[in-house]
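Have a look at the structure below, then the notes.
The values are calculated or read from the model by the stated rules, or taken from the named source; none is laboratory data. As the structure is a prediction and not an experimental result, all values here were calculated from the model. A quick note on method: Cβ atoms are made from the backbone with ideal geometry, for glycine too, and the neighbour counts reach across all protein chains shown. For the accessible areas, the whole protein counts, side chains as well, though only heavy atoms, and no ligand, DNA or RNA atoms are used. Shrake-Rupley method; radii C 1.70, N 1.55, O 1.52, S 1.80 Å.
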Amino acid sequence: MAKKKKWLGIALTAALALGSLAGCSSAKDKDTSEGGNGEKITYWAPFSGADGPRMKTIVENYNKSQSKYQVDFQVVPQSDYYKTVDLAFSGQKNAPDLLIMHTDQLKNYADKNLLKDLTDTVEKAGVKAEDYAETAWKAGDIGGKHYTIPLDIHPLIMYYNKDLFKAAGLDPEKAPTNREEFLAAAKKLTDSSKNQYGFVVPTLWPNQFIFPTILFQNGGELMKDGKPNYNSPEAVEALTFYRDLIHKEKVSPENVQQDGEVTLFLQGKNAMHLNGPWMMEQWDKAGINYGVAPVPQLGTKQQAVYANGHNFVVPATVTDSKKLDGITDFLKYVAGNTMEWAKSGQAPASKAIYEQSEEFKKMKQQPIVASEFKYAKFAPAVANWGQLSDPLWAEVNLALLGKKDPQKALDDAKKKAEQVLNK
């Protein structure tokens, strides 16, 4: 899940997906992994970033492990992914037999009866709900049916610069865990004369992950009784706190452009950074001395973190028993062989990996990602979440730029979302 950043705006018509993030996002062309002979299974994924080669390796290893089935892995760039999926579902393009779908997209497709109920497939494969993170598995339960086999959960996490912590007299092995510690550290780490800041607040992506995290930590909800709940007291408090980091606490510069906070982190000028697990390989390549930690409880009531996830789904049109047997066999293989996926920075949702693998437990970042599974929260399970949420991200942006009061911005976001809902 490479820079999921361009899930942005989460120009999520294909919804939060731009955000989603987290393989998802550069733009290479289609890639295909050929195996031997056997029943062919066409598999699509949006892994056009650093995670693509990881999944390709998993597929190649599977194809080499047996000769009965051949999985043909095709990468569709994230920017085109859901448009391409829609063309396939509408019959204008050959549809795959298996594909990856983000958690925040599931209801859109399930409600239109475009996905296969995998209840029988799961039973036949001997796959059990308890083999996966509960949060990930339950996301596939929609309307009394089960539509997914989870691949991963990618929550927001915190990165921090250990060298800047040490220079500020802070313990480089101890990240802040709550709002008070976070603010105190951010102030110590800020030296505007050096263009150095404790926490650079992005005004655009990845606020689709950050703002909901603080809102959930306040005990708030994005939707309530099927309606947008963007201007709740919990939401206003969350946005006020977040905006104050720029305009009151002065631990962040103003008017940060897209990816400005990433650039400053790479330059050693941004001490703490909230983003997704997909950023790991970029930091490693840059040689930054960074630490990884769970997102601090910046809200007032509970620990929570916004997340998305990658899931395997099967189009409802796939009925051939041989193909279904092949899909089942491949998914069983993936459940026990996703260490390669973990190397991209992700934490697979399979307990065989994140709970039982000693290799996984020794990794720097991935166990921390998995530690957030128990309190991770996904986007509301409503149809067209992307269109409903677009007004929220636009208004959060205006508030962070200082162009609107948080209450006014969130009132306007709710009104605009209600107009979308009532169309």
Single unsatisfied condition, Ile368 versus (1) in contact with a strand residue (DSSP E or B) (Cβ under 9 Å, 6 or more places away or on another chain); (2) open to solvent by 10 Å² or more (accessible area, probe 1.4 Å); (3) more than 25 Å from Pro277 (Cα to Cα); (4) not acidic (Asp, Glu): (3)
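This table checks each residue for (1) at positive phi; (2) surrounded by fewer than 22 Cβ atoms within 10 Å (Cβ to Cβ); (3) part of a strand (DSSP E or B); (4) modelled with pLDDT of 95 or more.
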{"position": "Ala22", "(1), (2), (3), (4)": "no, no, no, no"}
{"position": "Trp44", "(1), (2), (3), (4)": "no, no, yes, yes"}
{"position": "Pro53", "(1), (2), (3), (4)": "no, yes, no, no"}
{"position": "Thr57", "(1), (2), (3), (4)": "no, yes, no, yes"}
{"position": "Val71", "(1), (2), (3), (4)": "no, no, yes, yes"}
Contacts under 6 angstrom Cβ, first residue in the stretch 344-373 being part of a loop (DSSP other than H, G, I, E, B), partner of a type in the set (Gly, Ala, Ser), 6 or more apart: Ser344/Ala50; Ala349/Ala133; Ala349/Ala136; Gln365/Gly345
Whichever residue in the stretch 150-178 is part of a helix (DSSP H, G or I), of a type in the set (D, E, K, R) and out of contact with any strand residue (DSSP E or B) (no Cβ under 7 Å at 6 or more places or on another chain) and, among such residues, is most open to solvent (accessible area, probe 1.4 Å): Lys166
Test: residue in the stretch 381-398 that is touching a His at 6+ places or on another chain (Cβ under 6 Å), closer than 30 Å to Asn218 by Cβ, modelled with pLDDT of 95 or more and not small (Gly, Ala, Ser): no
The lone exception for Ser67 - which of (1) out of contact with any Cys (no Cβ under 6 Å at 6 or more places or on another chain); (2) surrounded by 17 or more Cβ atoms within 10 Å (Cβ to Cβ); (3) polar (S, T, N, Q) it fails: (2)
Test result for Gly336, of a type in the set (Gly, Ala, Ser), open to solvent by less than 20 Å² (accessible area, probe 1.4 Å) and modelled with pLDDT under 95: no
Among the residues listed as Thr263, Thr328, the single one being of a type in the set (S, T, N, Q), modelled with pLDDT under 95, open to solvent by 10 Å² or more (accessible area, probe 1.4 Å) and not in a loop (DSSP other than H, G, I, E, B): Thr328
